[in-house]
Amino acid sequence: MTVTGADIVVLDRVAVREAVRVVDLARGADWERDTPCAGWTLRRLVAHMAAQHRGFAAAARGVGGEPAHWREPEDMGAPAEMHRAAAADLLDAFAEPGAERREFTLPELGLTVPGRMAIGFHLVDYVVHAWDVAATLGVRPELPDDVLGAALAVARRVPADPGSRGDGAAFAPASRVPEGAGALEETLRLLGRKPEPQMLL
């Protein structure tokens, strides 16, 4: 699932910064809104996003196998600030020299993979989560074509067999990709989202 011919760290940074931007748009009652992640409010989704940033940062530094790094924050009274700090830590870790050439341990997947591949996983996650947050708030994420193309390249290689999707898995079952779908819509549908047309405008 490696993205070839691209600076994956730079592409991931763009996706992360856009996720930070849309999370920072949330106000007051927005945190209790339902999101495209079934059963999760925006507060819960952002807690998950913060935990994933911390976990991937730990993996980049060689300590991803320690479960504590992947736990969701207990205090999410200030979700945007918590997420922003976790994202900054992640970007610092990925920017360290040689990060993409290290081995990343990702306990949720039960894998240790090359850093470039792991950063690709993170990239597609944050394209999708930026959209999740934006859709919850009624706005559109602003992601350039090279980021969307890289995310789609990863999404197309995520196993889609029923045994690897659904309850307890990282992704819901894929939904049908209509003819002519753009890169963002195809990525979302391949990873189990069901965006309505107005959510993609």
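The values are calculated or read from the model by the stated rules, or taken from the named source; none is laboratory data. The structure presented is a predicted model; accordingly, all values stated were derived computationally and were not measured. Methodologically, a virtual Cβ is constructed for each residue, glycine included, from the backbone with ideal geometry; neighbour enumeration extends over all protein chains shown. Calculation scope for accessible area: heavy atoms of the full protein, side chains included, ligands and nucleic acids excluded. Shrake-Rupley method; radii C 1.70, N 1.55, O 1.52, S 1.80 Å.
Share of carbon and sulfur in the accessible area of the chain stands at 52%, probe radius 1.4 Å. Peptides 122-131, 98-107 ranked from most to least packed by the mean count of surrounding Cβ atoms within 10 Å: 122-131, 98-107.
Per-residue ellipticity at 222 nm computed for the chain from its helices equals -15500 deg cm²/dmol, with DSSP H segments shorter than 4 residues left out and the rest contributing -39,500 (n - 2.57). For segment 1-102, the fraction of alpha-carbon pairs lying more than 22 Å apart is 34 percent, rounded to a whole number. Beyond 15 Å, the tail of the calculated P(r) for segment 53-151 holds 65 percent of the Cα pairs.
Using the average count of surrounding beta-carbon atoms within 10 Å as a protection proxy, the listed peptides 79-91, 49-61 rank, highest first, as 49-61, 79-91. Label positions at A29 and D145, each projected 7 Å from the Cα along the C-beta direction, are separated by 4.1 nm. Between the entries [x] 111; [y] 175; [z] 159, the label attached to volume of the Cα convex hull per residue in Å³ calculated for this structure is [x]. Rolling a 1.4 Å probe across the protein heavy atoms gives the chain an accessible surface of 47 Å² per residue.
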